[in-house]
Each structure stands twice: as C-alpha cells, then as structure tokens.
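Trainee: Structure below; questions to follow.
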Amino acid sequence: MQLQMRRYDSPEDYWRIRSFLRQVFVANGGRELSWQAYRFDYWRWHGIENMGHGRLEHDVFIWETQDGDIRAVLNREGPGQAFLQVHPDGRSPELEEEMIATAEQHLAAGTTHGRRKASIWVNREDRLRQASLKGRGYEREQSPEHARRRSLSVPIADVSIPDGYHIRALGDVDEHPARSRVSWKAFHPNAPDDEYEGADWYANVQRAPLYRRDLDLVAVAPTGEFASFCTIWFDDCTRSGAFEPVGTAPAHQQRGLGKALMCEGLRRLQGLGATLAFVGSFSPAAHALYAAAGFTEYEISDPWSKTIQTPRPSP
C-alpha cells in the first residue's frame, strides 16, 4: 500500500486523527497498542496548552492513502518522546523505518554538546518495532509503563473511607483552585507552597472533547479541602473509559481514598455503558493501587532511546 506522509495542517486533522485512533483501538481488540482518543485530547489540551509540550502543526505527522484514509500517525508528548500510532492492517518494516527516521529528524530533543535524544515507546511484545529500533542503534531504558485494563463485567468493590470524608463530582469554576492545588500537592509532595502556580490551567483540561464534570471526581476531607481526585474519560464510540490523572495529597494518603474514588468512577462508567476501563502506572505504589481496584491485566511499554549527533553546519 502506497502511503504519503505530511504534517498536521488543519483543525480537521485533529478530528480525523481521533477517529483513526478509535479505529485502531477496535482493530487491536481493545488493547492499548496505540493511543486512545482521550490521550490525544489530553496531550492537546494539557500537554500543549498548559505544559508547552509541542505544537500540533510542528509535532504531528500523518501517513495516508491516495484516497485520504489515515493509516499511521506519529506524534510527540514530552520533550524527545515519540509515539507511533499504526493501524494493524498496514504495518510493515518499511513504514516503521520511515516513521522512526521522521521521529529522529523532527522530534528528538536537544541535550548537550550538539547531541539530541530520541525516545520511542514500544510495547514489549512488539517484535517488529523492536527489531527496527535495534537496527538503528536504540537501547531499551528501564522505566516501563503498565497500561492496565479491566472489564466492567467484573464486580466492583465497595470501599469504605474514614468518617467525615465524602466523594462527589467537581463543582463549577470556583472550585478550580482547590482542584488545582490538590493535584499540585499529589504530584509535587516535597515542593514548598510558594512554588504553586495557581489554577488557570484547569480550564484547558475542561476544554477537551471527552471531558465530563460528572466523571471528574474528588474526595473531600472533613475540613472541606480536596484530599484526592481522579478524572475519567469516557468514549462512547469505543465504550471504554480511562483514568488520567489519579492522585491523593500526602496528608490524606493511606486512607483508601484513591481506591474508593476509582471504584466510584468504575460504577459511573458501568452506568454509562462502558465495557472496559484503563489506567497507566509506573511506580510500585501505583501498580498496587490499580491492581486493588481490579486493573490486574496490563500491557508493558518501554522507552527505547538513541543519542543522535547533530551534524555541524556546512562551511
């Protein structure tokens, strides 16, 4: 199949890529061998808008047929990170090589002494991509992601939480500061309070197409402060839901709040007709929490990295 590569060039591409990712997810039998639409949304509205991680027109490449059907997409996430989204019916060594070469040329991040580093995430069972990367001098790093999933036909645990705490959906815009602060506390547990940068970023998260406030859950402490949170993305086209992010402020950890929030979220997804739920984990603590909430099946992906010497300009 002859494919043409081009850069992302219009808002229409955004919606076409999301549709393509849904097709890939279904074609892969509900396995996260490529991104789901929610993750593309999250990168677009949080990674790009709030964290400055790239630009769609600069960091997304599309391979399509002469009829305009998308068959593969290459995009970045964090600096130097590249993700290859490929329909299983169109995979080939030639396409893998072309996508990896494009990532090296356009998505590698500068390091020191004129060098750049490219990191490409690969499912641990993907022998084709691993062979291509090995042939180009990549090495696997030791920081795997567990892409966890669970069926919603399996019973969901009833989890008790300490007296005085309660779980509910996030309120209106006046609760953005509280939601932002608990997120900052959870992911920056040792940072001083004066480094907190405020809540302006949260409005961008809510602009993502799949965002639903009834699936943006918080656990409220007896004092009224937010203690824990999880945001759930439900895609009615694939009947799947994903948890991103999940966290608990250090002062409220080890009280079962994270598990209780997730189980409440699972029940809400079940009520909407979802059949599968997903969450990603990196640390032993996250592995344990998500397994306790029933996410015991998983795919493992690893970053494969290569340092590239930037050619000196011609005299």
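The values are calculated or read from the model by the stated rules, or taken from the named source; none is laboratory data. On a predicted model such as this, the values are computed, not experimentally measured, just so you know. Cβ: placed from backbone, ideal geometry, glycine included. Neighbour counts: every protein chain shown.
Trainee: At pLDDT below 95, surrounded by fewer than 15 Cβ atoms within 10 Å (Cβ to Cβ) and in a loop (DSSP other than H, G, I, E, B) - does that describe any residue in region 200-210?
Mentor: Yes, the conditions are met somewhere in region 200-210.
Trainee: Does Arg44 satisfy the condition of being outside the structural domain of Leu210 (by TED's automatic domain parsing), within 25 Å of Ser305 (Cβ to Cβ), touching a helix residue (DSSP H, G or I) at 6+ places or on another chain (Cβ under 9 Å) and surrounded by fewer than 20 Cβ atoms within 10 Å (Cβ to Cβ)?
Mentor: no
Trainee: Another question, then. For the condition under 19 Å from the mean Cα position of the chain (by Cα), closer than 24 Å to Ile300 by Cβ and surrounded by fewer than 22 Cβ atoms within 10 Å (Cβ to Cβ), what is the one hit in Leu33, Leu56?
Mentor: After ruling out the rest, the residue left standing is Leu33.
Trainee: Let me ask you something else. Can you pull out the residues in region 19-37 that are touching a strand residue (DSSP E or B) at 6+ places or on another chain (Cβ under 9 Å) and in a helix (DSSP H, G or I)?
Mentor: Across region 19-37, the qualifying residues are Ser19, Phe20, Leu21, Arg22, Gln23, Val24, Phe25, Ala37.
Trainee: Separate question: Assuming Val159 fulfils every condition listed in (1) under 14 Å from Ala82 (Cα atoms); (2) in the same structural domain as His287 (by TED's automatic domain parsing) apart from one, which condition is it?
Mentor: Unmet condition: (1).
Trainee: Another question, if that's okay. What pairs come out if I take residues in region 158-171 that are surrounded by 11 or more Cβ atoms within 10 Å (Cβ to Cβ) and pair them with residues that are charged (D, E, K, R) whose C-beta lies under 6 Å away, six or more apart or interchain?
Mentor: From region 158-171, the pairs are Val159/Lys259; Pro162/Arg255; Ile167/Glu264; Ala169/Arg213; Ala169/Asp214; Leu170/Arg179; Leu170/Arg213; Leu170/Asp216.
Trainee: Turning to a different aspect of this structure: Which numbered condition in (1) surrounded by 14 or more Cβ atoms within 10 Å (Cβ to Cβ); (2) charged (D, E, K, R); (3) farther than 30 Å from Gln206 by Cβ is the only one that Glu141 fails?
Mentor: (1)
Trainee: Residue by residue through region 86-118, note down the ones that are among the small types (Gly, Ala, Ser), under 21 Å from the mean Cα position of the chain (by Cα) and under 22 Å from Val24 (Cα atoms).
Mentor: Listed by number, the list holds a single entry, Ala103.
Trainee: Of all residues in region 269-291, how many are surrounded by fewer than 18 Cβ atoms within 10 Å (Cβ to Cβ) and touching a Leu at 6+ places or on another chain (Cβ under 6 Å)?
Mentor: Count: 2.
Trainee: Looking at Thr65, Thr102, which is the one that is farther than 25 Å from Arg239 by Cβ, hydroxyl-bearing (Ser, Thr, Tyr) and surrounded by fewer than 16 Cβ atoms within 10 Å (Cβ to Cβ)? Can you show your working first?
Mentor: Details: Thr102 fails: surrounded by fewer than 16 Cβ atoms within 10 Å (Cβ to Cβ).
Exactly one residue qualifies, and that residue is Thr65.
Trainee: Can you name every residue in region 38-59 that is assigned to a helix (DSSP H, G or I) and of a type in the set (Gly, Ala, Ser)?
Mentor: Gly47
Trainee: Taking the stated definitions as given, is Glu125 touching a residue at least 40 places away in the same chain (Cβ under 8 Å), in contact with a Ser or Thr (Cβ under 8 Å, 6 or more places away or on another chain), assigned by TED's automatic domain parsing to the domain that holds Pro79 and acidic (Asp, Glu)?
Mentor: Judged against the criteria, Glu125 is not a match.
Trainee: Taking region 68-82 as the region of interest, how many residues are surrounded by fewer than 22 Cβ atoms within 10 Å (Cβ to Cβ) and within 21 Å of Asp302 (Cα to Cα)? First the steps, then the outcome.
Mentor: Start the filter on region 68-82 by keeping residues that are surrounded by fewer than 22 Cβ atoms within 10 Å (Cβ to Cβ), which leaves 68-71, 78-81.
Next, only the ones that are within 21 Å of Asp302 (Cα to Cα) stay: 78-81.
Final tally of qualifying residues: 4.
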